[in-house]
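Asks: The structure under discussion is supplied below as structure tokens; questions concerning it will follow.
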Amino acid sequence: MDAKSLAEGVMAGRLEPAQLSEGFADLHPPLDDHEALVAADRCYFCHDAPCITACPTDIDIPLFIRQIATGTPDAAAKTILSQNILGGMCARVCPTETLCEQVCVREVAEGKPVEIGRLQRFATDGLMAKGVHPFERGAATGRKIAVVGAGPAGLACAHRLAMKGHDVVIFDGRDKPGGLNEYGIAAYKSTEDFAAREVDWLLQIGGIQMQTGKVVGRDITLEELRADHDAVFLGIGLGGVNALSAPGADKDGVLDAVGFIADLRQTPDLSQLPVGRDVVVIGGGMTAVDAAVQSKLLGALNVTIVYRRGRARMNASRYEQELASAKGVRIICNASPVAVHGNGAVREIEFEYTDDALAPTGQRFRLAADQVFKAIGQSLSGADLPDLDGGKIAVTGAGRTSLDGVWAGGDCASGGDDLTVTAVAEGRDAAEDIHATLMAVVS
């Protein structure tokens, strides 16, 4: 430990470049050819495979693993990508430990599942490295669809529509496409600019025009999109961040975790990104874990996650919780923030222990903090939207909204988990429904 590690306040350069490089290296290094064959050989190729049912995009997992085992990984990639065009990113960020791998027969029998996620990455990365796009654009239909949001749902929707022969225009408010894949995923999960490379690869299908820096409600209205296009798909995500209601939450140093992660993902030099000595993250989901672990990897001395409910209720998987603990992050449960203390900038944050019903117990404690990250959920932002349900866009069937000709999917839509893989499935299914609707009108 040196002076930079122990220095109070928020500062950059707490660690040397070599330490940063090591800390932010690929969390799960890719399998080589031999490792992939060994991993694939563990699959029983179940006829009624529970892993398929557990996958939100219904990938035929036994088939693609058999294709790897028989030396045809490119065929395996096509099997994956036909159901999940963002299969490369999902192989990196999907909580496979609570989805396909959790129900793997090997996991149930032995406590060690087939490494489905890493095998998926092996296949998709290999195909992408060759610059090969396995799908062709269909005959032109003359129809034009607007997709709002270049995140997983929007990209999946746009690609499937382009495959059907439709012309697609994607509008996104940020400077770069990718949505949470580009701005919201921990840097050690998606290294070497993979999110941007995957978007470039996806666009090889053709027929998709990208317009970044365009915000619906600011630069263009939903009504204009409806008037100028045959259909509209909304994959706008959740742009708002829930507020921290504790007194003093407006002090300097109290920040949104999603903004911190976005800044980290876009900075060209991690040694220039400031981080506190004592960091507190409020929340219990994946964003909280990502913010906490990355704070530690940047050189924060003390990092604590505080969650209002019990550990079993945390949205972050047990694997993610254990990852945080392994990196030196402390996790405190059943505690809610009641006040932020400091003279202009945060210096301490006060919590009160609660029971499982969130009732206060009267027991309070304080944590030193020169940086506090809020990871307490996001909310839908924007006006001129279809009808809402529970703070999200109400949908029926494959993403149909209350407005004719408007579909929605991903985090902004009601139902479904807030997962990349779920967003991909909803975007894909909405595209199929849009295509069927438009072609029925033609006929």
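Asks: So, with +1 on the Cβ of K and R and -1 on the Cβ of D and E, and no other charges, what is the size of the charge dipole of the chain about its Cα centre, to the nearest 20 debye?
Replies: Values: 41 positive and 59 negative charges, 78 e Å.
Its charge dipole is roughly 380 debye.
Asks: Here's something else I'd like to know. Can you give me the angle between helix 152-163 and the longest principal axis of the chain, using Cα atoms only, in degrees from 0 to 90, rounded to the nearest 10?
Replies: 10 degrees
Asks: Right, another one. Could you tell me what % of all Cα pairs in the range 291-443 have separations over 23 Å?
Replies: Working: 6549 of 11628 pairs.
Cα-Cα pairs of the range 291-443 separated by over 23 Å account for 56 percent.
Asks: To check my understanding: the extent here is largest minus smallest coordinate of the Cα atoms along each principal axis. What are those three numbers for the range 195-274, in Å, largest first?
Replies: Sorted from largest, the Cα extents of the range 195-274 read 49, 32, 16 Å.
Asks: Also, I was wondering about something else. Provide the solvent-accessible area of Phe365, counting protein heavy atoms only and rolling a 1.4 Å probe, rounded to the nearest 10 Å².
Replies: About 40 Å², ignoring ligands and nucleic acids.
Asks: Of all the C-alpha pairs in the range 310-372, what % are more than 15 Å from each other?
Replies: Result: 60 percent of Cα pairs exceed 15 Å.
Asks: Now, a different point. Averaging over every viewing direction, what projected area does the convex hull of the Cα atoms of the range 1-62 cover, in nm²?
Replies: Orientation-averaged projected area of the Cα hull: 8.3 nm².
Asks: For the chain, report the convex hull volume of the alpha-carbon atoms normalised per residue, in Å³, without decimals.
Replies: Hull volume over Cα atoms, normalised by residue count, gives 159 Å³.
Asks: Which residue fluctuates the most in the chain, going by a Gaussian network model with Cα springs under 10 Å, if the choices are Gly405, Gly23, Gly71?
Replies: Of the options given, Gly71 has the highest mean-square fluctuation.
Asks: What is the range 96-176's relative contact order, in percent, from Cα pairs under 8 angstrom and six or more apart in sequence? Write out the running numbers ahead of the final one.
Replies: Numbers: 80 pairs, mean separation 18.5, N = 81.
RCO, the range 96-176: 23 percent.
Asks: Can you give me the angle between helix 420-442 and the longest principal axis of the chain, using Cα atoms only, in degrees from 0 to 90, rounded to the nearest 10?
Replies: Taking the Cα atoms of the chain, the angle to 420-442 is about 30 degrees.
Asks: A further question on this structure: Could you list the chymotrypsin sites (Phe, Trp or Tyr not before Pro) in the range 169-249 that lie in coil according to DSSP, counting only those with at most 15 other Cβ atoms within 10 Å of their Cβ?
Replies: Passing both the DSSP loop test and the Cβ count: no residue.
Asks: Continuing with the same structure: Keeping every protein chain present and rolling a 1.4 Å probe, give me the accessible area per residue for the chain in Å².
Replies: Details: 19030 Å² over 443 residues.
Counting only protein heavy atoms, the per-residue value for the chain is 43 Å².
Asks: Something else about it: What lysines sit close enough to Lys327 to cross-link, taking a C-alpha to C-alpha distance under 25 Å and skipping anything fewer than 8 places away on the same chain?
Replies: Lys4, Lys112, Lys189, Lys296, Lys374
Asks: Then there's this: Helix 257-266 versus the longest principal axis of the chain: what angle, 0 to 90°, nearest 10, using Cα atoms?
Replies: Approximately 70 degrees, to the nearest ten.
Asks: Looking at the chain, send over the antiparallel percent of its DSSP beta bridges, to the nearest 5.
Replies: Counting only bridges with both partners in the chain, antiparallel ones make up about 35 percent.
Asks: Grab every C-alpha pair in the range 68-177, bin the distances at 10 angstrom width from 0 up to the longest one, and report whole percents.
Replies: Reading the bins upward from 0: 13, 34, 33, 15, 5, 0.
Asks: May I pose another question? What translational D, rounded to a whole number of µm²/s, comes out for the range 196-334 from Stokes-Einstein when the hydrodynamic radius is the Kirkwood one over Cα pairs, at 10 °C and 1.306 mPa s?
Replies: Stokes-Einstein gives a translational diffusion coefficient of 88 µm²/s.
Asks: With N set to the number of residues, divide the alpha-carbon radius of gyration of the range 242-309 by 2.2 N^0.38 Å and report two decimals.
Replies: Computed over Cα atoms of the range 242-309, the ratio equals 1.10.
Asks: Normalized C-alpha radius of gyration of the range 256-371, against 2.2 N^0.38 Å?
Replies: Working: Rg = 14.2 Å, N = 116, 2.2 N^0.38 = 13.4 Å.
So the range 256-371 has a normalised radius of gyration of 1.06.
The values are calculated or read from the model by the stated rules, or taken from the named source; none is laboratory data. This is a predicted model, so every value here is computed, not measured. In this analysis, Cβ positions are derived from the backbone assuming ideal geometry, glycine residues included, and neighbour counts consider all displayed protein chains. Areas reflect the complete protein model, heavy atoms only, side chains present, ligands, DNA and RNA absent. Shrake-Rupley method; radii C 1.70, N 1.55, O 1.52, S 1.80 Å.
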